[in-house]
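What follows is a short report on a single structure.
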Amino acid sequence: MPYQFDQKAVVITGAAGGIGSELAQQLAAKGCRVGLVSRREDRLRTLCEQISAAGGEAVYALANVDERDQVVAAIDTVRQRLGRIDMLISNAGVGDPDVIQPFATEKFERLMRVNWFGLIYSIEAVLPEMLERGDGYLVAVSSLRAYRGLPGFAGYGASKAAVNTFMEGLRVDLSDHGIHVTTLCPGFVQTAMTEGKDFPKPWMMQPDDAARRMVAAIARQRKVHNFPWQLNVMTRLGQVMPDWVIRRMAPRDRAAN
Ligand SMILES: NC(=O)c1ccc[n+]([C@@H]2O[C@H](COP(=O)([O-])OP(=O)(O)OC[C@H]3O[C@@H](n4cnc5c(N)ncnc54)[C@H](OP(=O)(O)O)[C@@H]3O)[C@@H](O)[C@H]2O)c1
């Protein structure tokens with residue numbers, strides 16, 4: 001039976017732009033009451049106004065997701081205003097490319113803090129309520145990059161591999177508690193993260209298209225959804241490709257997705 005979106009209270013991190021903003025609008029159009037969490041207040045306020053003008057319900061709270069206290073406080077604010085949290089979509093992310101010479105540890109720390117700890121802090125903020133109720137839905141926006149370490153994207157890929165592995169384990173742990181877990185792994189999406197990056201982005205999707213596919217996967221309560229299928233096939237082949245092939249295919253300009 002498909003997931004019933006109507007009247008569900010959904011908190012979405014990284015809602016100020018790109019995929020997160022599209023997810024918020026599409027879920028609100030399906031009857032969800034959405035709580036938007038990000039850093040840029042002007043964007044969040046405008047998005048709330050747009051959703052309200054379209055007949056939906058949206059509230060926002062500010063947080064840098066790599067700050068545990070901020071995430072917990074922001075999601076508490078959303079909970080107070082929406083009454084409960086039925087679903088978390090942990091979408092906030094950064095896609096900084098690797099800097100190897102000189103080796104920029106702080107870049108790798110930031111990738112892990114936002115992409116991985118941001119997920120952990122968000123789950124911390126919603127899970128007790130879901131466990132108590134015996135009902136809830138956790139969704140993580142990961143990436144096809146999770147499946148193979150690539151030159152220039154080692155840090156980003158590692159952060160998303162951590163997300164995938166964690167959600168995979170959590171899924172089994174929480175299945176006895178009425179809590180569903182979905183991991184969404186898109187390929188290239190045209191957002192600020194990929195904007196102006198001059199390298200091939202095969203089968204690139206528009207953010208509204210990517211969000212539609214994500215909402216459909218959530219409706220079907222997929223465990224993992226890798227898309228588009230063409231890039232998923234290429235990614236699977238990439239897992240068994242020798243390094244020399246990967247080296248030839250590696251882009252000169254580096255940016256993650
Ligand atoms: N674009 C792609 O090709 C692609 C492909 C695969 C996966 N993804 C994943 O999809 C997700 C969304 O990415 P996108 O493409 O929509 O990128 P985007 O347009 O750059 O949006 C990123 C969102 O994350 C928020 N964010 C970033 N750092 C944050 C922080 N420290 N605290 C709170 N919010 C933060 C941003 O809002 P604020 O700046 O207001 O905080 C923004 O709303 C990410 O997890 C990304 O890894 C993207």
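Laboratory data are not the source of any read-out in this text; all were calculated from the coordinates shown. The structure displayed is predicted, hence computed values, not measured ones. Glycine also receives a Cβ, built like all others from the backbone with ideal geometry; neighbour counts cover every protein chain displayed.
Here are a few things to note about the model shown:
- Residue match in segment 51-59 (condition: within 10 Å of the ligand (Cβ to nearest atom), in contact with a strand residue (DSSP E or B) (Cβ under 9 Å, 6 or more places away or on another chain) and not polar (S, T, N, Q)): no
- For segment 60-80, taking the residues that are surrounded by fewer than 15 Cβ atoms within 10 Å (Cβ to Cβ) and away from the ligand (no atom under 15 Å from the Cβ), the one that is farthest from Lys8 (Cα to Cα) is identified as Asp76.
- Summed over segment 1-24, the residues that are outside any strand (DSSP E or B), of a type outside the set (S, T, N, Q) and within 15 Å of the ligand (Cβ to nearest atom) give a count of 10.
- Considered as a group, the residues in segment 84-112 that are hydrophobic (A, V, I, L, M, F, W, C) and touching a strand residue (DSSP E or B) at 6+ places or on another chain (Cβ under 8 Å) include one that is nearest to the ligand (Cβ to nearest atom), and that residue is Ala92.
- Pick from segment 200-230, criterion out of contact with any Gly (no Cβ under 9 Å at 6 or more places or on another chain) and in a loop (DSSP other than H, G, I, E, B), ranking: surrounded by the fewest Cβ atoms within 10 Å (Cβ to Cβ): Pro200
- The criterion of at least 3 residues that are within 15 Å of Ala16 (Cβ to Cβ) is met by the following helices (runs of 4 or more DSSP H) wholly inside segment 38-122: 41-53, 68-82.
Rundown of residues vs (1) of a type in the set (Val, Ile, Thr); (2) within 11 Å of the ligand (Cβ to nearest atom); (3) in contact with a helix residue (DSSP H, G or I) (Cβ under 8 Å, 6 or more places away or on another chain); (4) farther than 24 Å from Cys32 by Cβ, yes/no style:
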site	(1), (2), (3), (4)
Ile179	yes, no, yes, no
Phe188	no, yes, yes, yes
Gly196	no, no, no, yes
Met205	no, yes, yes, no
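- Summed over segment 25-47, residues that are more than 8 Å from the ligand (Cβ to nearest atom) and crowded, with 21+ Cβ neighbours inside 10 Å total 8.
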